[in-house]
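Note sheet for the following structure.
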Amino acid sequence: MDESPPPLPPQRRVRKRDLLLPVGISATAIGIVLWTTYEPGAFAAVRSTFNPGIFAIAIAALGIQIGAGGMRLRHVSKGALDRRGGVRSQLTWDFMSAVTPSAMGGAPFAAFFISRENNVPYGQVTALMLFTMLLDQLWFATLIVTLYLSAIWVPVFPTGLGAAGIGTIAAYLGGMLVYIGFFAYATLFRPELIEGLANRIVRFKWLRRFEGTVRRESGKLRQQAAILRGQPLRFYLKAAALTLLYWTGRYGIVFFVALSFWRDFRHILFVLRTAGLWLAGLAMPTPGGSGGIEALYVLYLAPLLPEGYGGPSLLAWRAIAYYGVLAIGAFVAGGAVKALLAGEQPPGDLTSSAETSDLDASDLEDATGDDTPTVNE
């Protein structure tokens, strides 16, 4: 006789200090960088070379990043999210990831409020977010190979790391590449591998309380893999193009901020190191990588700029890419933030009830105008 699996115990709510802590860490890190890299007369030199027109392009790159992310979510959802809903969903996701502690994770909270705001079943939202994260991981895999090949000709890995540091980064990227390859292969072709691994992990004594939910969720991977494999080639090509546009916008912010301060640096190497910085930043334990990202900027990008330019360019970049996203996200996701502070939590189970979360084929056809299976059924 089958017993209903126990629900996932609710996670602790987000507190005000969880919203302020990453901002404080980032601001402190920037202050330290400005203090330690200060050169007499540097700010006057920065003002004399600053180009506001190029800086405006950096701000526009943020718009490209957010817009491309929203279009990608809309595309993956097959129209379940409209254009406005896609953009707001991307901003909510970015905001939650930037302020939520790593142990808690931003995606479950973001999925809950995206679902609520757009009247889309929670299970459907989590599925489309999973596929979007897979697209990002495939992008990272491409970048890792590119960085390894480029390192033959240009110093992609900062020499300031030393031989041991470069070796550690190279090993980390290699391990990440293996993980991404396994995750992509298992997600698309052998979901039983992830299912078996997840079921083994929850057998540990301190994880047994999650066993019911994990087994239920991992059991759905076979169906999701079949749906993904059934998508036409044009679906994947458009998703890949939007992923490229999203990361082009994200890298473009860093590049054009630096270019607005100083024009004579190694542009291609700067872009390659920007990619390496973001890859290394994935290992940062703090929300939004605050503190760690600033340190990586000093190691990866500041040496490519003149003395005294590292601190101001770092401050300008984080003002756009981090504080700007927080400010816009707080405005867009204001209701979600208030609900979190009030103690509202995502549902304990990662699937909605049968009455609200299951979309049959006719529902999908009505929503999308297309009888092609979708990635979020």
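Label zone of Asp264 (point 7 Å out along Cα→Cβ, amide N under 12 Å): in region 283-324 this covers 306. Phi angles across region 133-138 convert, under the Karplus curve 6.51 cos²θ - 1.76 cosθ + 1.60 with θ = phi - 60°, into 3J(HN,Hα) values of 5, 5, 4, 5, 5, 5 Hz, Gly and Pro given as x.
Which whole-number percent is the relative contact order of region 222-308 (Cα, under 8 Å, 6+ apart)?
It rounds to 26 percent for region 222-308.
Highest mean packing comes first when the peptides 67-76, 312-321, 32-41 are listed by Cβ atoms within 10 Å, giving 67-76, 312-321, 32-41.
Placing dummy labels 7 Å off each Cα toward the beta-carbon, the span from Ala240 to Val154 is 2.3 nm. With the simple model of a label 7 Å out from the Cα in the direction of the Cβ, Ile32 to Ala163 spans 2.8 nm.
No value in this document is a laboratory result; all are computed from the given coordinates. Source: prediction; values computed, not measured. With ideal geometry, Cβ positions are generated from the backbone for all residues, glycine too; neighbour counts draw on all protein chains shown.
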